[in-house]
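Remarks on the structure that follows.
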Amino acid sequence: MFYATSPLFQPWQPLTHMFMHGGFMHIAFNMYALYLFGSILERVWGWRRFLFFYMSAGFGAALIHQIATGVEAYMLFDSVYPAQDWREMFIPVVGASGAVMGVVVAFGLLFPNTRLQLLFPPIPIAAKYLVLLVIAFDAYFVIKGIDDGIAHWAHLGGAATGFLIVKMWSLNRDAFY
C-alpha cells in the first residue's frame, strides 16, 4: 500500500495490502500467529464475525499507519527538504501484521489468563502479558524512531482497532457487528 497522495496509490490498497508479504518468513510468522489465535476466535465468533473483525483490524492498521507516517514524514521532510514532495517518498507497506495484531489483542482480551508457551525464549506467559509485551515492543520502536523496515504504526493501529472492536462488541453481545 502506497501513501494516499502517491500517484501509485489505488483505493483498494488499504484492504488488499494485507494479502501481500515481503518474503517467506514474513508470511510464515503472520500465518502462524493467525492460525494460533485466529482459529480460536473464529470458533468463538463464527466465520462471518471473524472475517469482519480481521478485515476491520487490517483496515484500521492501514489507516493509523497512513496518518502516523504521514505526520512523521511531513514533520521530517518539511524541515529537512522543504522543496521535495515528501508524499511520494514512501516505500509501500505490505503484510497482514496489523490485522494479526488485532487478532492477538482480541485473544488477549477474551482469554487473558491462557498460558502460552513462547518459542524464544521457551517460557510460559499469560496471553495478557504477551499482548502487553508485543505492544510495548512496537511502541518502543515508534518512540525511539528506529527504522527497521517494520511498520510498527500498522501493528499499533491493528492492535488499537482490535481493542476497540472487542470492547464495542462486549457492550452489546447481541449485535453482529
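The numbers here are math on the coordinates, done by the rules we state, and not lab data. Predicted, not measured: the structure shown is a model, and the values here were computed from it. A quick note on method: Cβ atoms are made from the backbone with ideal geometry, for glycine too, and the neighbour counts reach across all protein chains shown.
Data table
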read-out: Cβ-derived FRET efficiency at R0 35 Å, S6 paired with R115, nearest 0.05; value: 0.20
read-out: On Cα atoms only, tilt of 97-110 relative to the major axis of the chain in degrees; value: 30 degrees
read-out: Helix axis angle, 47-80 relative to the chain longest principal axis, alpha carbon, degrees; value: 30 degrees
read-out: Cα-centred dipole magnitude for the chain, charges only on beta-carbon of K, R (+1) and D, E (-1), debye, nearest 20; value: 780 debye
read-out: Crossing angle, helix 24-33 versus the chain [Cα axis fit, 0-90 degrees, rounded to tens]; value: 40 degrees
read-out: The stretch 30-171: mean projected area of Cα convex hull, nm²; value: 9.3 nm²
read-out: Vicinal HN-Hα couplings computed from phi for the stretch 112-128 (Karplus, 6.51 cos²θ - 1.76 cosθ + 1.60; Hz; Gly/Pro x); value: x, 9, 5, 7, 10, 9, 6, 7, 9, x, x, 10, x, 8, 6, 4, 5
read-out: Computed [θ] at 222 nm, helices only, for the chain once each DSSP H run of length n ≥ 4 contributes -39500 (n - 2.57); value: -20000 deg cm²/dmol
read-out: At R0 = 22 Å, FRET efficiency that the Cβ-Cβ distance of K144 and L164 yields, to 0.05; value: 0.30
read-out: Ranked list, fewest to most other Cβ atoms within 10 Å of each Cβ, for W153, W12, W169; value: W12, W169, W153
